[in-house]
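Reviewing the structure listed below.
Nothing in this text is a laboratory measurement; each read-out follows from the coordinates by a stated rule. Keep in mind that this is a model prediction, so the values were computed, not measured. We place every Cβ from the backbone using ideal geometry, glycine too, and count neighbours over all the protein chains shown.
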Amino acid sequence: PQCLSVRECGSSIVVGSLDVNVGANLPSEELLGTLSAGRRAYLSNVSVLDPARRQGVARALIERAMQLGAELGLETMYVHVKVSNVAAQNLYSSAGFEIESRENRSVETTLGREPRLLLRRRV
């Protein structure tokens, strides 16, 4: 990718984005994470347009988020991934994320959604 923010892109088309939530707790989640309370962040809404996938956009966004985390003095970055989303698991694994915990299958019945993995990486 040639730019990693709308400001850097000027009039270019934005093909990917992600959110970085900084704080002591992960946003309204059952899986809280055990490392770096108060000095961590959570990646969410990582998305890339279909025609731009598999070209390094998501990886570049993740790495830029890690750089920003380091600049902010964060210690750990977290992200949730659906258990069935093997492509996302592979992306995060290759970017240095490790599994911290897994939701149990009861979330399917109690929360009506697929279980997720909570992944983490030191910034």
(message) If I take R0 = 22 Å and measure r between the Cβ atoms of Leu18 and Val86 in this structure, what FRET efficiency does the formula 1/(1 + (r/R0)^6) give, to the nearest 0.05?
(response) 0.70
(request) At 0.36 nm per residue, minus the direct Cα-Cα distance, what do Arg113 and Ile99 gain on full extension? Give it in nm, one decimal, please. (result) 3.1 nm
(request) Starting from the amide H of Ser101, placed 1.01 Å from N in the peptide plane, find each other amide H under 5 Å away whose residue is 5 or more places distant or on another chain. (result) Leu118
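Going highest first, how would you order 59-68, 14-23 by mean Cβ packing within 10 Å?
Values: 59-68: 17.5, 14-23: 14.9.
The densest-packed peptide leads the list: 59-68, 14-23.
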